[in-house]
Amino acid sequence: MNPIERALGILLLLTGGKLIPATVLAERFQVSLRTIYRDIDRLIALGVPVDAARGAEGGYRLASGYLQPPVALTRNETAALLAAMALVRASRTVPLAADLASAEQKLLASLPKNVHGLFKQAERIVGIEPIPADIFHSGTKAEPTGDWQQALDGFMAGILESRRVRFEHVNPSRETVKAHDVEPRGVLFDRDLWYLAGRCVDTDLVKVYRADRVRNLEISGLFFRPDREFSIQSLLGGVWLSRAMRRWEQDEQIAKILITPRQAQKLGADWYYRHAVFTPAKDGRVLISIPSTARTRILPLVRWLGPGAELIGPEGLRAELARELAELAAIYGDGRDLDRPA
């Protein structure tokens, strides 16, 4: 019996779940204990999870659940799984992408051959339209990069290993880069972007970070005890954004716009601005306070709202908007009827 055949035989014997002493293996395969030790080391080097117990009653066995029975799926179940995989690929960046690809290959190998064709024809059968760019909200579209994938993979590894992660987070509005030490809690996908949720060690708050703005993520050697009470579901429905806006109000300049009740109703349905602060004004209008003074965010918003919206501050943006409106008035203010022939 050659070493490969012997290693396979050892692997099959260890699947029973009971500890098998090295002496029993040596007797079974008619080799020395030293040879058995080398065979076990070879299996471990190949990634086979062999558990070893020392002592008189010790021995070897495979980690529970390593070898699974064949997966028996119907054609409909296979098609449903195929559609789900297509949805995952359409997100462009996914956690542990390389591991997902190898898992798919293992799953395909375990499926009956009569359904292999469905998986191989996935792109021909299932099509997913990419999420279009959100022109109204600038900065919500990002192209996948190596940094993005590294951040997502490293954060997931930190969750699985219960280890802290360190990274730098880029704030494009302030043009700053800040270091963070975080205990990973979970990840969420929102509007074609991945977000990383974790407890910030410095502030003891659960914060959410855009994965595409994370740089140089590394897993630290510090372990932490996972919070069993936490669920990523608690941050869905815009809860994470609402909490973030409350923090931004403490750190950022505030833009204030007076709007009509009808305009307030429209913004109340928006995924982003509905989490701003709406305050009734004395004249029957509504004052919306937004924790940002970026011209690329505030000026397009006022233009879109149109008549009835008044930008109160900051004064610099108000003056810029006034100049823009004056230029438009110069073009459209002569009262000409463009439908009439000149």
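The values are calculated or read from the model by the stated rules, or taken from the named source; none is laboratory data. No experiment lies behind these values; they were computed from the predicted model shown. Neighbour counts run over all protein chains shown; Cβ positions are idealised from the backbone, glycine included. Note: areas computed on protein heavy atoms with side chains; ligands, DNA, RNA excluded. Shrake-Rupley method; radii C 1.70, N 1.55, O 1.52, S 1.80 Å.
Please work out which residue is farthest from Ile232 (Cα to Cα), limiting yourself to the range 147-172 and to residues that are among the aliphatic types (A, V, I, L, M) and part of a strand (DSSP E or B).
Ranking the candidates gives Val170 first.
In the range 272-288, how many are under 23 Å from Arg191 (Cβ atoms) and either free of Cβ contacts under 8 Å to residues at least 60 places away in the same chain or of a type in the set (D, E, K, R) (or both)?
7
Under 6 Å between Cβ atoms, which residue pairs at least 6 apart in sequence (or on different chains) link something in the range 3-30 that is open to solvent by less than 20 Å² (accessible area, probe 1.4 Å) with a partner that is not in a helix (DSSP H, G or I)?
Leu14/Tyr60; Leu14/Arg61; Leu14/Leu62
Where residues in the range 312-322 are in a helix (DSSP H, G or I) and in contact (Cβ under 8 Å) with a residue 24 or more places away in the chain, which of them is farthest from the chain's Cα centre (by Cα)?
Glu320
Does Ser242 fit the bill of being more than 11 Å from Ile288 (Cα to Cα), hydroxyl-bearing (Ser, Thr, Tyr), in contact (Cβ under 8 Å) with a residue 12 or more places away in the chain and out of contact with any strand residue (DSSP E or B) (no Cβ under 8 Å at 6 or more places or on another chain)?
When the stated conditions are applied, Ser242 passes them.
State the number of residues belonging to the range 282-299 that are open to solvent by 40 Å² or more (accessible area, probe 1.4 Å) and assigned to a helix (DSSP H, G or I).
3
As an exercise: evaluate Thr140 against (1) at pLDDT 75 or above; (2) in contact with a strand residue (DSSP E or B) (Cβ under 8 Å, 6 or more places away or on another chain) and give the number of the one condition it does not meet.
(1)
Could you list all residues from the range 35-48 that are open to solvent by less than 80 Å² (accessible area, probe 1.4 Å), assigned to a loop (DSSP other than H, G, I, E, B) and farther than 10 Å from Leu11 by Cα?
Initial filter on the range 35-48 (open to solvent by less than 80 Å² (accessible area, probe 1.4 Å)): 35-36, 39-40, 43, 47-48.
Next, from what is left, pick out any that are assigned to a loop (DSSP other than H, G, I, E, B): 47-48.
Result: Gly47, single match.
Looking for something loosely packed, with under 12 Cβ neighbours inside 10 Å, of a type in the set (D, E, K, R) and either at pLDDT 80 or above or not in a loop (DSSP other than H, G, I, E, B) (or both) - is there at least one such residue anywhere in the range 77-98?
Checked the range 77-98: no residue is loosely packed, with under 12 Cβ neighbours inside 10 Å, of a type in the set (D, E, K, R) and either at pLDDT 80 or above or not in a loop (DSSP other than H, G, I, E, B) (or both).
Any residue that is at pLDDT below 90, open to solvent by 50 Å² or more (accessible area, probe 1.4 Å), outside any loop (DSSP other than H, G, I, E, B) and not aromatic (Phe, Trp, Tyr) - is there at least one of those in the range 267-281?
Within the range 267-281 (the criterion being at pLDDT below 90, open to solvent by 50 Å² or more (accessible area, probe 1.4 Å), outside any loop (DSSP other than H, G, I, E, B) and not aromatic (Phe, Trp, Tyr)), the answer is no, since none of the residues qualifies.
Can you tell me which residue in the range 252-266 is farthest from the chain's Cα centre (by Cα), limited to those that are of a type in the set (Val, Ile, Thr) and surrounded by fewer than 18 Cβ atoms within 10 Å (Cβ to Cβ)?
Filtering first and then ranking leaves Thr260.
State which residue pairs qualify: first residue surrounded by 10 or more Cβ atoms within 10 Å (Cβ to Cβ) and inside the range 223-235, second residue in a loop (DSSP other than H, G, I, E, B) and polar (S, T, N, Q) in any location, beta carbons under 7 Å apart, and separation of 6 or more residues or different chains.
Going by the 7 Å Cβ cut-off, the qualifying pairs are Phe223/Ser162; Phe224/Ser162; Pro226/Ser162.
Give the number of residues within the range 300-311 that are touching a helix residue (DSSP H, G or I) at 6+ places or on another chain (Cβ under 7 Å) and not in a helix (DSSP H, G or I).
Result for the range 300-311: 3.
Select from the range 311-325 the residues that are buried (at least 16 other Cβ atoms within 10 Å of the Cβ) and among the charged types (D, E, K, R) and list them in ascending order.
Once the filter is applied, which keeps residues that are buried (at least 16 other Cβ atoms within 10 Å of the Cβ) and among the charged types (D, E, K, R), the range 311-325 yields only Arg318.
Mind checking which residues of the range 287-307 are out of contact with any Asp or Glu (no Cβ under 6 Å at 6 or more places or on another chain) and over 26 Å from Ala326 (Cβ atoms)?
Passing the criteria: only Ser289.
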